[in-house]
Amino acid sequence: MQILVVDDETDVRDLFQQRFRREIRNGELQFNFAFSGEEALGFLRAHHSEVLIILSDINMPGMSGLELLGYVKEEFEMPPTTMMMITAYGDDESYRQAMALGANDFLVKPLDFSVLKSKLSQLNS
């Protein structure tokens, strides 16, 4: 299952590769990383049929995760199956906006990787 992680914090790549080492090695999950909403859109335009899940931070410079969510739902006939929004601010307004735009899930930083792994394994079965 191919996942695109979108976050302006570059250390996220190392964190995901460390936390999902076994799943990556077993070929269960494949991660790609984009460090801005704009970069994520470019990746999706080139690989949109391959990406099944997008995990996107909401608060990023330039295009926000919510803007990215809107573009993805609008631009792609077959958007990725699941879009999970991630934010350090678990406020009701961000949650409402994300859900109104079509997000499938809403996670709060710091990420609980055991919860995320559980959600991903449910999607992968």
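The values are calculated or read from the model by the stated rules, or taken from the named source; none is laboratory data. Not measured: the values here are computed from a predicted model. Cβ sites come from the backbone with ideal geometry, for glycine too, and all protein chains shown count toward neighbours.
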Checklist entry - Does G70 qualify as being part of a loop (DSSP other than H, G, I, E, B) and either among the polar types (S, T, N, Q) or out of contact with any helix residue (DSSP H, G or I) (no Cβ under 8 Å at 6 or more places or on another chain) (or both)? => result no
Checklist entry - Which one is nearest to L66 (Cα to Cα), of the residues in region 1-32 that are of a type in the set (S, T, N, Q) and in contact with a Leu (Cβ under 9 Å, 6 or more places away or on another chain)? => result N32
Checklist outcome for this item: Scanning region 77-105 for residues that are within 19 Å of M1 (Cα to Cα) and either in contact with a Ser or Thr (Cβ under 9 Å, 6 or more places away or on another chain) or in a loop (DSSP other than H, G, I, E, B) (or both) gives M78, P79, P80, T81, M83, M84, M85, A103, N104, D105
Next on the checklist: For region 27-48: of the residues being among the charged types (D, E, K, R) and not in a loop (DSSP other than H, G, I, E, B), which is surrounded by the fewest Cβ atoms within 10 Å (Cβ to Cβ)?
Outcome noted: R45
Checklist entry - What about L55, is it buried (at least 16 other Cβ atoms within 10 Å of the Cβ), of a type in the set (A, V, I, L, M), part of a helix (DSSP H, G or I) and in contact (Cβ under 8 Å) with a residue 12 or more places away in the chain? => result no
Next on the checklist: Considering only residues that are assigned to a loop (DSSP other than H, G, I, E, B) and either modelled with pLDDT of 95 or more or under 15 Å from I53 (Cβ atoms) (or both), which ones fall in region 10-26?
Outcome noted: F20, N26
Checklist entry - Across region 30-66, which residue is modelled with the lowest pLDDT among those that are polar (S, T, N, Q) and in contact with a helix residue (DSSP H, G or I) (Cβ under 8 Å, 6 or more places away or on another chain)? => result N59
